[in-house]
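**Student:** Below is a structure I'd like to ask you about.
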Amino acid sequence: MFTRVIRSINSLFKSSSQYEYPQEAKIIPRDQHSISRKRISRSAIKVMKVLNEAGFEAYLVGGGVRDTLLGGSPKDFDVATNATPEQVRKLFRSARIIGRRFRIVHVRFGREIIEVTTFRANHDSSSNSTESRQSKEGMLLRDNVFGDLRSDALRRDFTVNALYYSLDGFSIHDYTNGVSDLDNKLIRMIGDPKTRYQEDPVRLLRAARFAAKLGFDIEPNSAAPIKQMAPLLENISSARLFDECLKLFLGGKAQATLDKLREYELLAPLFPATAARLDRDEGFDQALLKLVMQNTDRRLANEQRVTPAFILAALLWGPLQDALAQQDPKNPPAMRMHKAAQKVIDAQLKHTAIPKRFLITMREIWDLQGRLPLRAGKRAVRLMEHQRFRAAYDFLLLRENAGEDCQGLGKWWTEFQDADEARQEEMLAALPKGKRPRRKRRKPANKEASS
């Protein structure tokens, strides 16, 4: 399938054009940029100084440079160096080498981790499969070919991520015209977009994520192949795709990110059932997801806790309704919910892995949607004591705000939580009385058979 996708893409575009970059970097001196050491992590500066004092080159690179130039306050700072991972590890007692596909070093300072990478070169420059290896679809399976500063810049994904800040003169080194793209608010792939997406299809998601996060446009040549290449994401492990989902929806721009994913048809490889519902123009699904994403962005902006389980519960709520409609109505509601939820989860796990702790919470939020209407007697008080009650209640309110008719249930629970004990008893007494099912009498035992 992937071979067919690549062939179809190649037929749509001219043969790979040459992307020429200067041999020397454009040096931007301190008085011509806005980066100040006061806005850079002290731990990152310490790592750079230690490497410099040991005779190695060291630069701040990636989002730390990009976001600081844009006036933000990045939380993560990465360092690039010509020291090998083993050499870096020897310089820091708290360092450890991780990864096989890309070997990097994590240097820990308390809770903070500084990621240190060795300058990389083009993978074509090595014939050693232990250093570089590609799949038949063009995806890089291993990329540990080391190079110099320029080659490392050209191995980065987007120009705005290929800016290097040095403590030597506090200057910025720019090989790919990244500063100009920052000024023009463009996400531009370094090199031939088709080739670079084939090397790592996750770059498709990164393009959408950075465009949403920064409020940038994706440069036309970089955007052109995205829709056709989206199926290549099926070749990425489900665990890695789940990690990417966390970055997509927990980066503070969940609503804008969802819009970009839909615009470039990247939601289907991640959540195919959800994408299918949205493509059918399900107004409620769109409204619910919009509210959930906006709520997530607001909570993150206020530094409130957000659980991925809540977002997953919303993303898969539409598919769950489809699965519930297919259940046998003769079965008890709890059984129908259990079977429908399992069906949706089994299908979703084929695309993105979901850790068990999030699956449990997501299912509890779903399960409580069916229990919240059951308030008679002591049930309401017991439900409020449930560990996931607050999340389930918030989810109920979002369902109502999205247009679902829940018979005023959200308003009732809002008032019940704020009411005193006397008022709560009045509210419970005012609930409509449900008919109790008649219990069948047990037949008396046969005396002759027992004698």
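**Student:** Positive end of the dipole of the chain, charges at C-beta (+1 Lys, Arg; -1 Asp, Glu), about the Cα centre: which of Gly408, Leu397, Gly63 has its Cα farthest in that direction?
**Tutor:** Gly408
**Student:** What number, rounded to the nearest 500 deg cm²/dmol, is the helix-based mean residue ellipticity at 222 nm of the chain, given -39500 (n - 2.57) per DSSP H run of at least four residues and division by all its residues? Write down the numbers at each step before the final one.
**Tutor:** Numbers: 23 runs with 218 residues, N = 451.
That comes out to -14000 deg cm²/dmol.
**Student:** Kindly state, as a whole number, the per residue volume in cubic angstrom of the convex hull around the alpha carbon atoms of the chain. Present the calculation step by step, with values, prior to reporting the outcome.
**Tutor:** Numbers: hull volume 106.7 nm³, N = 451.
Residue-normalised Cα hull volume stands at 237 Å³.
**Student:** Loop only by DSSP, 12 or fewer other Cβ within 10 Å of the Cβ. Give me the trypsin sites (Lys or Arg not before Pro) in the stretch 57-90 that pass, ordered by residue number. Intermediate values should be presented prior to the final figure.
**Tutor:** Values: sites: Arg66, Lys75, Arg89, Lys90; in loops: Lys75.
Answer by residue number: Lys75.
**Student:** Follow-up question, since we're still on this one. Given charges of +1 on the Cβ of Lys and Arg and -1 on the Cβ of Asp and Glu, with all other atoms neutral, how large is the dipole of the stretch 318-373 about its Cα centre, in debye to the nearest 20?
**Tutor:** Values: 9 positive and 5 negative charges, 27 e Å.
Once rounded to the nearest 20, the dipole reads 140 debye.
**Student:** Oh, and also: Where Lys and Arg each count +1 and Asp and Glu each count -1, what net charge lies around Lys411 among other residues with Cβ under 15 Å from its Cβ? Please report the intermediate quantities before stating the final value.
**Tutor:** On the way: positive: Arg375, Arg399, Arg423; negative: Asp394, Glu400, Glu404, Asp405, Glu415, Asp418.
Computed value for this residue: -3.
**Student:** Given Cα positions, please report Rg to Rh for the stretch 357-429, the hydrodynamic radius being the Kirkwood one.
**Tutor:** Details: Rg = 12.3 Å, Rh = 12.7 Å.
Result for the stretch 357-429 is an Rg/Rh of 0.97.
**Student:** In addition: Considering the dipole of the chain built from charges on the beta carbon (Lys and Arg +1, Asp and Glu -1) around the Cα centre, which of Leu289, His386, Ala95 is farthest to its positive end?
**Tutor:** Checked the options; the winner is His386.
**Student:** Report in % the part of the accessible area of the stretch 269-316 that belongs to carbon and sulfur, leaving out ligands and nucleic acids; probe 1.4 Å. Mind showing how you got there, number by number?
**Tutor:** Values: 940 of 2120 Å².
Carbon and sulfur together cover 44 percent of it.
**Student:** In whole Hz, with x marking every Gly and Pro, tabulate ³J(HN,Hα) for the stretch 195-208 from phi via Karplus 6.51 cos²θ - 1.76 cosθ + 1.60, θ = phi - 60°.
**Tutor:** Here the 3J(HN,Hα) series is 5, 5, 5, 5, 4, 8, x, 4, 4, 4, 5, 5, 4, 5 Hz.
**Student:** Per residue, how much accessible area does the chain show when a 1.4 Å probe rolls over the protein heavy atoms, in square angstrom? Provide the component values of the computation, followed by the final result.
**Tutor:** Numbers: 24520 Å² over 451 residues.
It amounts to 54 Å² per residue over the chain.
**Student:** While we're here: Output ³J(HN,Hα) for the stretch 410-421: one whole-Hz value per residue in order, computed from phi by the Karplus curve 6.51 cos²θ - 1.76 cosθ + 1.60 with θ = phi - 60°, and x for Gly and Pro.
**Tutor:** Working through the residues one at a time gives x, 4, 4, 5, 5, 5, 4, 5, 8, 7, 7, 4 Hz.
**Student:** Mind giving me the nanometre distance, one decimal, between the label points for His386 and Glu53, set 7 Å out from Cα along Cα→Cβ?
**Tutor:** 5.7
**Student:** For the stretch 157-310, take N as its residue count and report Rg(C-alpha) divided by 2.2 N^0.38 Å. Can you show the working numbers first?
**Tutor:** Values: Rg = 16.7 Å, N = 154, 2.2 N^0.38 = 14.9 Å.
Relative to the 2.2 N^0.38 Å estimate, the stretch 157-310 comes out at 1.12.
**Student:** Also, I was wondering about something else. Give me the three principal axis extents of the stretch 220-295 from the C-alpha atoms, as integers in angstrom, largest value leading.
**Tutor:** Result, largest extent first: 30, 26, 25 Å.
The values are calculated or read from the model by the stated rules, or taken from the named source; none is laboratory data. Just so it is clear, the structure is predicted and the values come from calculations on it, not from any experiment. Methodologically, a virtual Cβ is constructed for each residue, glycine included, from the backbone with ideal geometry; neighbour enumeration extends over all protein chains shown. These area figures cover heavy atoms from the full protein model, side chains too; ligands, DNA and RNA do not enter into them. Shrake-Rupley method; radii C 1.70, N 1.55, O 1.52, S 1.80 Å.
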